Amino acid sequence: MQIPLILQFVNLLASLLLLVVFAMLAQRRILSLINLFAWQGGILALSTFVVAYSTAQHHLYYSAGLTLILKVLLLPWLLHRLIRKLNVRWDVETLINIPTTMLVGIGLVIFSFNLAAPISQLSEGITRGLIGIALASVLLSLLMMLTRRKAVSQVVAFLSLENSLFFAATSATQGMPLVVEFGIALDVLVATFIFGIFFFQIRETFESLDITNMEKLKDD
Amino acid sequence: MIDLQLLALLATPLTGGIVLAVFGSRSWAAELNSLMSGCTFVASVLLTIAVIDSGPQVAFKEQFFIDQFNVFLVALTAFVAFTTSLFSRPYMRIEQHHGKLSTSMLHLYYSMYQLFTFAMLVALTTNNMGIIWVAMEAATLTTVLLVSLYRTPASLEAAWKYFILCGVGIALALFGTILLYFAAERVLGDGGTALLWTHLNEVKGSLEPTVLKLAFVFLLVGYGTKIGLVPLHSWLPDAHAEGPTPVSAVLSGLLLNVALCAVMRSKVLVDGSLGNHFAGNLMMGFGLLSVVVAALFLSRQKDIKRMFAYSSIEHMGLITFAFGMGGQVATFAALLHMTMHSLTKSAIFFTVGHAVQKMGTQQMDRIRGLMHVSPTVGWGLMLGTFAILGMPPFGVFASEFLIITTAMHDYPWTTPILVAALGIAFAAIFGRVQPMVFGETSAKSLPHPPALIPVFIHLLLVLILGLYMPDYLAGWYRQAAALLG
């Protein structure tokens, strides 16, 4: 079966997105993690743009622009500023057992493709198979939140989760209504600011951004 | 037309939030906060009257939808938000006097309190499944800085946990919403209408069942994190225990209800599409698990606010279970229990707040003899505990009785589990509260008189509704139950 060129391109971008999430999962340096996050945003904006072009959905152009401004420029810039102010720019995180994490990640990808298989059957044209990739990225970002111990990298994982969801919304469907997308973008932006406030409060109180210091609240 | 009432309802807390963001550090900020909450309550009453007169309707280009189900929650939310603002006025002043809070922290508190009310009311009234998500996330964002208001290590940890866990949960709900949109788009086209609940409800029979099934799992897990369903509940006791008491009261009494409302909106769609009891079974399972686990954890608690937070998990589990059973009677009972739980639990948190201020600790084994210190606080806590434990003649008894009898009829195997869990909860809470209220004391007096009028208003309402329910109110609940099926 001949696959249209444009669809091949979207599929290529989707696989790149998945690759970036894997790279983030294994990345130990906080600075590189933020740069990877910016790349992820860039791929997302490009894929949204391509989908907008191929389906002639004008409001998707706005989404693409919003993604570019928010996720490629504004949020990475904010994070860079934050880590400079917090003096954690060159921090390296000790991750336990990257190979095992990677294997679990591969398992999650297989699981999500299976879960999404019946849905992929339903979708026609451009969207086929992309839901599986989106779901896999969501689960991988969740895995990343679990394995990280530094507050900053947990937040990057959270934002990557948001990116994966956005990818699901624009590429698997034809983009959510614009008012909803604006609402989501606003929430993400406010959340990042609040995270920023938190970093300072946490460091002031615990003298480190390591969350292992904070496991005091337990039942019993 | 309800445009005007709805506009008043939503614009008042939003204006309040903005005005208090500017003037929140003035000495009259607490009064302004109460005034704004009072106006919101008046607007909600006007809206309720309009909807009861003329039935369900949409407003503002179909972006908002009000029916008997959500207008009841709107009225409840606005009422409890109002009484909590009355309670928080002296409470927060005492905290300030004790040196726990600064003026700038109070500034943040007042502004965020109004914006939180606004976010909850938007989540309740919107017709757009996407906006429900946005408003739920906004409700988290406005409260997260309130949980860490005291800036103690424990409160920071609680707030971080709340933020991360609810963030993840709500992200899963967004994935569910996207799947819902994916299914709806194929039927309704990709205009702006494919996420409007009223449109979805009309075509729910032709939505693709496989997609909706998966969507509901994500929506339930996502919003379920917010409801505090086990095993996604671990943020809830921390956030309730470490935040200021008025925040615990509104989180427990209101936010959990709003999240449940979002789940119920989704359930109606999924039931229509699947035509079987899939969504109901899932909710029953989560609900039952929450009731049992919360009851077992109750007896291990040492912190008084943590204990009542677990009691909230238990009651939300019971309500989710009742909604899951479905049918007119169970849904009626669930709606009634939502009302009773909100009123009683916020009243309990009010008295607990003052009790903790008097004793200077949240540790239960160091709180003794409240009755000697202040008979009103003592009686308030005792009566509130009786009410929440489902003692007749309080209203909680009526709703729990209805839920258990329905369970006995429809799902007999669940009855022993429910009764045992409620029994364990009773023993745990009553055994703890009794020595706190009676017994010898070591308390100090407060610099401002405590606000206990809201407590007794709430308990009186719960008592009255337990003894006698007016016909129009019962009719209103029945109509709401009929809408949810």
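No lab work stands behind these numbers, since they all come straight from the coordinates. Model, not experiment: these values are computed from the prediction. No Cβ is skipped: glycine too gets one built from the backbone with ideal geometry, and neighbour counts run over all protein chains shown.
Worth a mention:
- Angle in degrees between helix B:153-188 and the longest Cα principal axis of chain B, rounded to the nearest 10: 10 degrees
- Ordering B:T103, B:L289, B:M325 by the projection of their Cα atoms onto the charge dipole of the protein assembly as shown, which places +1 on the Cβ of Lys and Arg and -1 on the Cβ of Asp and Glu, puts B:T103 at the extreme positive end.
- Listed cross-link partners B:K100/B:K358; B:K213/B:K345; A:K216/B:K305; A:K71/A:K150; B:K305/B:K358 are compared with a 23 Å cut-off, the Cα-Cα value being larger for B:K213/B:K345.
- Percent of C-alpha pairs per 10 Å bin, the protein assembly as shown, short to long: 3, 15, 26, 27, 19, 8, 2, 0, 0
- Note on the protein assembly as shown: with charges restricted to the Cβ of Lys and Arg (+1) and Asp and Glu (-1), its dipole about the Cα centre is near 1520 debye.
- Per residue, chain A reaches -25000 deg cm²/dmol at 222 nm when only DSSP H runs of four or more residues are counted, each adding -39500 (n - 2.57).
- Among A:G105, A:G41, A:G183: highest mean-square fluctuation, GNM of chain A, C-alpha pairs under 10 Å: A:G183
- Evaluated with a Cβ-only charge set (Lys, Arg +1; Asp, Glu -1), region B:277-485 carries a dipole of roughly 620 debye about its Cα centre, given to the nearest 20.
- Taking the average, over residues, of other Cβ atoms within 10 Å as the packing measure, peptides B:253-263, B:284-294, A:79-89, B:346-356 rank B:346-356, B:253-263, B:284-294, A:79-89 from highest down.
- Computed over region B:277-485, Kirkwood Rh from alpha-carbon pairs, angstrom: 17.6 Å
- Charge-dipole axis of region A:1-158 as Lys and Arg at +1 and Asp and Glu at -1 on Cβ define it, positive-most pick from A:M102, A:L122, A:W77: A:W77
- Intensity falloff of chain B expressed as log10 I(q)/I(0), Debye formula with alpha-carbon point scatterers, at q = 0.06, 0.11 Å⁻¹: -0.24, -0.85
- With neighbours defined as other Cβ atoms within 10 Å of a residue's Cβ, the residues B:D471, A:D187, B:D365 order from fewest to most as B:D471, B:D365, A:D187.
- Exposure proxy order (Cβ contacts within 10 Å, fewest to most) of A:I43, B:I313: A:I43, B:I313
- Directionally averaged projected area (convex hull, Cα atoms, region B:96-248), nm²: 9.6 nm²
- Per-q log10 I(q)/I(0), region A:74-203, q = 0.13 Å⁻¹ (Debye; single scatterer per alpha-carbon; no solvent): -0.67
- Applying 1/(1 + (r/R0)^6) with R0 = 41 Å to the Cβ-Cβ distance of B:F401 and B:L4 gives a FRET efficiency near 0.50.
- Here region B:345-451 is assigned +1 on the Cβ of each Lys and Arg and -1 on the Cβ of each Asp and Glu. Its dipole about the Cα centre then comes out at about 400 debye.
- Cβ crowding within 10 Å ranks B:Y223, B:Y109 as B:Y109, B:Y223, fewest other Cβ atoms first.
- Shape of region B:365-469 from the C-alpha gyration tensor: oblate (a/c of 1.5 or more and a/b not above b/c, with a ≥ b ≥ c the square roots of its eigenvalues).
- Of the residues B:L212, B:T152, B:H240, the one whose Cα sits farthest towards the positive end of the charge dipole of region B:131-282 is B:H240 (charges of +1 on Lys and Arg Cβ, -1 on Asp and Glu Cβ, taken about the Cα centre).
- The equivalent ellipsoid that matches the C-alpha gyration tensor of region B:372-415 spans semi-axes of 32, 8, 5 angstrom, in descending order.
- Cα gyration tensor shape for region B:229-275, rounded if a/c is under 1.5, else prolate or oblate: oblate
- The overall shape of chain A is prolate: from the C-alpha gyration tensor, with semi-axes ordered a ≥ b ≥ c, the ratio a/c is 1.5 or greater and a/b exceeds b/c.
- Part-to-part distance (alpha-carbon centres) for region A:150-172 and region B:322-379, which is given in Å: 38 Å
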